Structures are given as structure tokens and as C-alpha cells.
Amino acid sequence: MASGSIQYKTEEEIDLIRASALVLAKTHGEVASMIKEGVTTRQLDKRAEEFIRDHGGVPSFKGYNKFPFSLCLSPNSVVVHGFATDEPLQSGDILSVDCGVFLNGFHSDSAYTYPIGEVAPEILTLLAETKVSLYKGIEQAVSGNRVGDISYAIQNHVASLGYGVVRELVGHGVGAKLHEKPEVPNYGKRGSGPLLQTGLVLAIEPMVNLGKKDVVQEADGWTIRTKDRKASAHFEHTIVVRKDKAEILTSFEYIEKALQQ
């Protein structure tokens, strides 16, 4: 069902996205279990692709506009769209792992940022507060609100802590296509933007910088880095707008289990 260019999903379609999101959540858990000093991001990318395909899915990102990997692997001052490399992770690094799964004709999309070894306290706080801002945004994803209510909730939380909110990259609708309408910025005004209605599936994804909001694109045409080279955090869930409380389709449960082991 469509309203303008915004696609609303039936319950049957939401069930299919939920199945895709479960494979995605388990993929994140598999990757999380490998993340430590000395591991390369290329190893993480290889394992994620194997796991997704073994579970009947296809990596959403691989080949998307010629993107060459299954994961976006973004360390330290890289905000998003980082390439897998053979450089080992080191203590003090942080790493954003962004993954998408295409299964049963539908995409799901989520991201999590990991500390490796001994990470500076101010950067650990950035990670924690960016994650908090994700859930503050999700709280606003209810029928009758507007996209700007999500955007404002995220921005209001992190800006109050002095962080920079990336402007050039936004959340989005998700479904049969990886990126659908509407865009979901991480900054904005309450009461602005498209109306939220039940059945709208969104990827909400705060990208928050320790320093200023400004970013630059590297020569590879993909990698986005903070202009001041300070750390950036990224957390993302795929959710569906409901009447009283958004339903989170993706999960960090498998990540958290892996990190506790």
C-alpha cells in the first residue's frame, strides 16, 4: 500500500522483514564474537557474508551501487561506508559494523559500534550516548507523530552533550528496496516532516561525532570520515511504526550475548 511515494507494509510483509531481521541480528552476533585485537575487518566481512548466505539470505550491501563488501566497517573517525581491510584492529579502536540482509524479498538494516580493548572514557561515553539517542528516536516512531519528532529526539539528546550530528547521512524507509522514502534525518524540528502511520518500516540510525558535525568523503568514493578526525559512533535498528509503541524488528540481543562471553 502506498501513500505518495511512501510504502506502508502489510502485516504479512512485516513478518517477512522480521525474518530477514532475525538473520541480520544473528549475523551481527557472529561478527561480534570475532571482534578483538588482531582481527582484520576483512575477516569480519568474509564471515558475515558466509553466515548470511548459509541462512538463505543475500548481503544487502554487496554490489549496491558497486559497493564491494558485505559489511560497512568504519573505524574511529570513519562515520560510515568504510571498506574492509587487512589492517588488524588495535586496542583503543572503535569499529562501526553496519550490515543489511535481503531475504524473502525484503531488506533489513542495522549497525552497532564496538570498543576494542582499552578505549578512552570520552569515546566510551560517546558510544553509550549515541545508543541512548537511537532509542529516544525510536520512542517517537508512533502513529500520528512526524519524522521530525524522531529527528529532534536524537539531536536534542546528543547536542545537549556537545556532540556533532552528521547532516549529510540519514536514516530511511526500508522494505523491498534497501533505501525507501522517507528520509529520517538525525536532526530537525518537532512536528515537521512526513506523518508517521502504522506499517511504515524505518531504519533509524544516529551518526554522532565526538567533535564537530562536518564530514568529508575519501577518494574511494564511499568512505565518510569526520573532518576533524575525531571519533564517530553509529547505531541503527529497523523498526515498524505502531499505534502506541514502535516495534523493533532488528535486535542487539545476539551482540550482547557474544560480548558477555
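Matching residues to (1) among the hydrophobic types (A, V, I, L, M, F, W, C); (2) surrounded by fewer than 16 Cβ atoms within 10 Å (Cβ to Cβ); (3) assigned to a loop (DSSP other than H, G, I, E, B):
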site: E118; (1), (2), (3): no, yes, yes
site: I138; (1), (2), (3): yes, no, no
site: H172; (1), (2), (3): no, no, no
site: G191; (1), (2), (3): no, yes, yes
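So for region 129-136 (the condition being open to solvent by less than 40 Å² (accessible area, probe 1.4 Å) and touching a Leu at 6+ places or on another chain (Cβ under 6 Å)), does at least one residue qualify? Scanning region 129-136 turns up no residue that is open to solvent by less than 40 Å² (accessible area, probe 1.4 Å) and touching a Leu at 6+ places or on another chain (Cβ under 6 Å). The number of residues in region 188-226 being touching a Ser or Thr at 6+ places or on another chain (Cβ under 9 Å) and either charged (D, E, K, R) or at positive phi (or both) comes to 10. Please tell me if R229 is exposed (fewer than 14 other Cβ atoms within 10 Å of the Cβ) and touching a Ser or Thr at 6+ places or on another chain (Cβ under 7 Å). Criteria met by R229. Across region 86-105, the number of residues qualifying as over 30 Å from T10 (Cα atoms) and in contact (Cβ under 8 Å) with a residue 60 or more places away in the chain comes to 3.
Residues are listed down the side, and each one gets a yes or a no for (1) in contact (Cβ under 8 Å) with a residue 60 or more places away in the chain; (2) buried (at least 19 other Cβ atoms within 10 Å of the Cβ); (3) not in a strand (DSSP E or B):
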residue	(1), (2), (3)
A21	yes, yes, yes
I35	yes, yes, yes
A48	no, yes, yes
G56	no, no, yes
A84	no, yes, yes
H107	yes, yes, no
T113	yes, yes, no
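I'd like to verify a number: residues in region 60-77 that are out of contact with any Cys (no Cβ under 9 Å at 6 or more places or on another chain) and either under 15 Å from H28 (Cβ atoms) or touching a residue at least 60 places away in the same chain (Cβ under 8 Å) (or both), how many?
6
Go through the residues of region 90-97 one by one and say whether even a single one is open to solvent by less than 70 Å² (accessible area, probe 1.4 Å), within 30 Å of Q197 (Cβ to Cβ) and at pLDDT 95 or above. No - not one qualifying residue is present in region 90-97. Suppose the filter is over 22 Å from A233 (Cβ atoms) and either among the hydrophobic types (A, V, I, L, M, F, W, C) or open to solvent by 20 Å² or more (accessible area, probe 1.4 Å) (or both); does Y64 pass it? Answer is yes for this residue. Scanning region 199-226 for residues that are assigned to a loop (DSSP other than H, G, I, E, B), under 18 Å from F69 (Cβ atoms), open to solvent by 30 Å² or more (accessible area, probe 1.4 Å) and in contact (Cβ under 8 Å) with a residue 12 or more places away in the chain returns D220, W222.
The values are calculated or read from the model by the stated rules, or taken from the named source; none is laboratory data. All values reported here derive from a predicted model rather than from experimental measurement. All Cβ positions, even for glycine, are placed from backbone atoms using ideal geometry, and neighbour counts span all protein chains on display. Areas reflect the complete protein model, heavy atoms only, side chains present, ligands, DNA and RNA absent. Shrake-Rupley method; radii C 1.70, N 1.55, O 1.52, S 1.80 Å.
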